[in-house]
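Read the figures in this text as sums done on the coordinates, not as results from a lab. Note that the structure is a prediction, hence the values are computed from the model and not measured. Glycine gets a Cβ as well: all are built from the backbone with ideal geometry, and neighbour counts include every protein chain shown.
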Amino acid sequence: MSFLVLPKVTVDLPTARVDTQGWSMHNGIKLADPTFFSPSSVDMVLGIESFFDFFESGQRIPLGDQLPTLNESVFGWVVCGGLLNPTQGLRINCSTAITKVLEELVARFWASEKVGNSKVLSSEEKLCEDNFRKPVRRESDGRYSISLPKDEDAASRLGESRGIQGTERRLAKDASLRAQYHQFMAEYIQLGHMSKVEEAGNLMKRCYLPHHPVFKEASTTTMVRIVFDASCKTSSGVSLNDTLLVGPIVQEDLRSIMLRSRVVTV
């Protein structure tokens, strides 16, 4: 037979000492393992292909009710079977050490998973919120009037913007487009969306918004619409959009939206 040599085949067997008091062991019986009742190491594991060749005689001697049986083998008599009420069982201990560091990590993990209602605003977001709350007023027609949240430092760094506009050259080449463009601007003045700037004697700093036409041939009302580009940089590299404060996000965060699907309303 071929064997593999290993440092350890399996755990000691039996796993606990067996109390054999009261067993009627027959005289003259030569046991293959005289200390079978005491836990010890396993010397050899034999495969099933040779197992039944070791029990040629087939003789068996019962040791009693609910007790193992003696079986004759080529090595001697072998104790086989189980006990209904073993005197000792296998005890397995599992030790866990909990340190303060582990407790802090678990607490931080659950804190990060907690969905809170309070929002922590940055200094810029708080300034933007205050700008909306303090100067708000209601006009005589019922509409609310609120000033834009300006960043005064960025506004002071605005450069020249009058010469950026290049739409006039484009309009000069297309008379039809120029007429539609002027009609749109006239409508803006009529609605009060814009007014003419008086240049003479006015030292107030201004920022001119570049604008250009956008065509929508499928439109049944206005084919030409005007788009104002507040993100266009001035000569100093600062745009009009850069002079506005960025407020907090008013939409719900994605986590709250996803967790809402797990809430059951009764």
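Data table
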{"item": "Value of relative contact order over the chain, rounded to a whole percent, pairs C-alpha under 8 Å and six or more apart", "result": "14"}
{"item": "Degrees between helix 123-133 axis and first principal axis of the chain (Cα, 0 to 90, nearest 10)", "result": "50"}
{"item": "Using θ = phi - 60° and Karplus 6.51 cos²θ - 1.76 cosθ + 1.60, couplings along region 145-155 (whole Hz; Gly, Pro as x)", "result": "10, 9, 6, 6, x, 8, 9, 4, 5, 5, 5"}
{"item": "Structure-derived P(r) over Cα pairs in 5 Å bins from 0, in percent: which label, when the choices are (i) 1, 6, 13, 18, 20, 18, 12, 6, 3, 1, 0, 0, 0; (ii) 1, 4, 6, 7, 8, 7, 6, 5, 4, 3, 3, 3, 3, 3, 3, 2, 3, 4, 5, 5, 6, 4, 3, 2, 1, 0, 0; (iii) 1, 6, 13, 17, 17, 14, 11, 9, 6, 3, 1, 0", "result": "(ii)"}
{"item": "Residue-by-residue Karplus 3J(HN,Hα) for region 63-80, coefficients 6.51, -1.76, 1.60, Hz, glycine and proline x", "result": "8, x, 5, 6, 10, x, 10, 8, 10, 7, 10, 5, 8, x, 7, 10, 7, 10"}
{"item": "Estimated distance in nm for a label pair at residue 40 and residue 262, the labels positioned 7 Å out from Cα along Cα-to-Cβ", "result": "5.8"}
{"item": "Residue among 64, 186, 13 farthest towards the positive dipole end of the chain, charges placed on Cβ", "result": "186"}
{"item": "Rounded to whole Hz, the Karplus (6.51, -1.76, 1.60) HN-Hα couplings of region 253-258, x for glycine and proline", "result": "6, 4, 4, 5, 5, 5"}
{"item": "With Cα atoms, 0 to 90° folded angle of helix 175-191 axis to the chain main axis", "result": "90"}
{"item": "Dipole magnitude of the chain, debye to nearest 20 (Cβ charges: Lys/Arg +1, Asp/Glu -1, about Cα centre)", "result": "1600"}
{"item": "Folded to 0 to 90 degrees: helix 100-113 orientation relative to the chain principal axis, Cα", "result": "50"}
